[in-house]
Ligand SMILES: [Zn+2]
């Protein structure tokens, strides 16, 4: 177990954890949001972030401080916490972003790490190479080599109690991201940002973002705290947490406010388009949209930034509660409905259901089937795996009917979409207590048929009869040959004559 991070609770790939930050003498509960503070701009003061918003940790850029004579002197003299006037933990970035934007920077990893330590940073960052999406494999690989050399320099440096992050790069090549994750995990470094995903999010490529994170997670150990670097829109937090991200940083709250943009968990709205404010934070209950529009520029920006940050922190709390309650994926399903590209992100998440299944609790409150994507949740994957381990008699009836039919079978099991078959003794255990809509959809029937197929294929000696409620031909086609079929709805029709 990594000393600085402890997982307390899990749901799908999401977790509530505790990040111990020794230098700040603080423990940060994750998922956590790190508001980004530009040391030159004070949209909302760090002190206010702590007292009014409950921020336990923030992130600022040591490269900007290093490059500004006045800030550098003050940071070295007073220390970073005093300079920013923030009582919690402070993470610092290194200039990697500037490197990716402008092509070069004038510090080395050794220098900037030593500087971060001198000014009192609690979590430092080496100068990694943020490789953008879609570059050639050669470039992604050679950039990654450089990043890995920098991580090794950071690992060998004397950083005292300060935690040090180990960014995971590799562009849009899952295999490289996985390799990068494995390498980073093998260092003695502490926090693992998945880097260079901002261009993916700017282009609404949530599907690619999920593939990148899933790959990095396969390389990193389950005890590694993962930071989705540059991700600050609350709309995608639930999705990213479900894939296993623990830390987010938001510059969005301030940047969007500057452009009169209003964040919601369903996307961004232009202040000028709003007739109503769909939020109950102090800003939105004290003002109408017209009043906000009428404020002087600085004041409007600050009020919008405050709203944006309230929404962002509220979503983090909602996600934590969902993890506790075991319904994180139901929250993800709701968020996925806000934008088609978010739905792509959720569908991609479910491509990794077997990976999520490893951390998903065996038992939770209740499985709610709320969209046809629910048929691909990790609980369904796990049930199908379990079917291969159950012992079955020589002849078995699988039925969607209420009571076992006839005595000609050794046993009768229930069939419930989307799970498929199970012995009646399991019907009171999770997830088979699921709440499913009475109007079953095709995806649930197909998943149930796949469950039957798994059972039959594992037990070729057993004579299996399936009594189903009018499964269409395309669904029945998923069943192996040799399964005897009885259509219960045909019986119902006979009876009603
Ligand atoms: Zn608000």
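Tell me the mean residue ellipticity at 222 nm calculated for the chain from its helices only (DSSP H runs of n ≥ 4, each -39500 (n - 2.57), averaged over every residue, nearest 500).
Working: 22 runs with 218 residues, N = 497.
That comes out to -13000 deg cm²/dmol.
Taking the 0 to 90 degree range and rounding to the nearest ten, how far is the long axis of helix 137-156 tilted relative to the main principal axis of the chain, both from C-alpha atoms? With rounding to tens, the tilt is 60 degrees. Between segment 1-63 and segment 417-470, the alpha-carbon centres lie 44 Å apart.
Computed over segment 338-414, the alpha-carbon pair-distance distribution with 10 angstrom bins reads 15, 34, 28, 17, 5, 0, each value a whole percent.
If you count the DSSP beta bridges with both ends in segment 365-495, what percent of them are antiparallel, to the nearest 5?
Details: 3 of 17 bridges.
Percent antiparallel among DSSP bridges in segment 365-495 is about 20.
Roughly how many whole Å is it from the C-alpha centroid of segment 83-140 to that of segment 237-294? A separation of 28 Å, based on Cα centres.
For helix 206-219, report the angle its Cα long axis makes with the longest principal axis of the Cα atoms of the chain; keep it between 0 and 90° and round to the nearest 10°. Around 90 degrees separate the two axes.
In whole percents, the pair-distance distribution calculated for segment 100-201 from its alpha-carbon pairs, binned every 10 Å from zero, is 16, 48, 30, 5. Sequence-distant contacts, meaning Cα pairs under 8 Å at least 6 residues apart, place the relative contact order of the chain at 12 percent. Counting only DSSP beta bridges with both residues in segment 5-357, the antiparallel share comes to about 40 percent. Protection proxy ranking, highest mean first, for peptides 467-474, 268-275: 467-474, 268-275, where packing is the per-residue count of other beta-carbon atoms within 10 Å, averaged. Counting pairs of Cα atoms in segment 1-157, how many percent are more than 21 Å apart? Above the 21 Å cut-off, segment 1-157 has 52 percent of its Cα pairs.
The base-10 log of I(q)/I(0) for segment 255-336, evaluated at q = 0.14, 0.21 Å⁻¹, reads -0.50, -0.92 [Debye formula, identical scatterers on Cα atoms, solvent excluded].
Helix 297-325 sits at what angle to the longest principal axis of the chain, using alpha carbons and giving 0 to 90 degrees rounded to 10? Roughly 40 degrees, rounded to the nearest 10.
Dimensions of segment 5-357 from C-alpha coordinates, computed as largest minus smallest value along each principal axis and given longest first, are 55, 51, 38 Å.
To the nearest whole percent, what portion of all C-alpha pairs in segment 365-495 is separated by more than 23 angstrom?
On the way: 2221 of 8515 pairs.
Value for segment 365-495: 26 percent of Cα pairs lie more than 23 Å apart.
Just so you know, all these numbers are worked out from the coordinates, no wet-lab data involved. Quantities reported herein were computed from a predicted structural model and do not represent experimental measurements. Neighbour counts run over all protein chains shown; Cβ positions are idealised from the backbone, glycine included.
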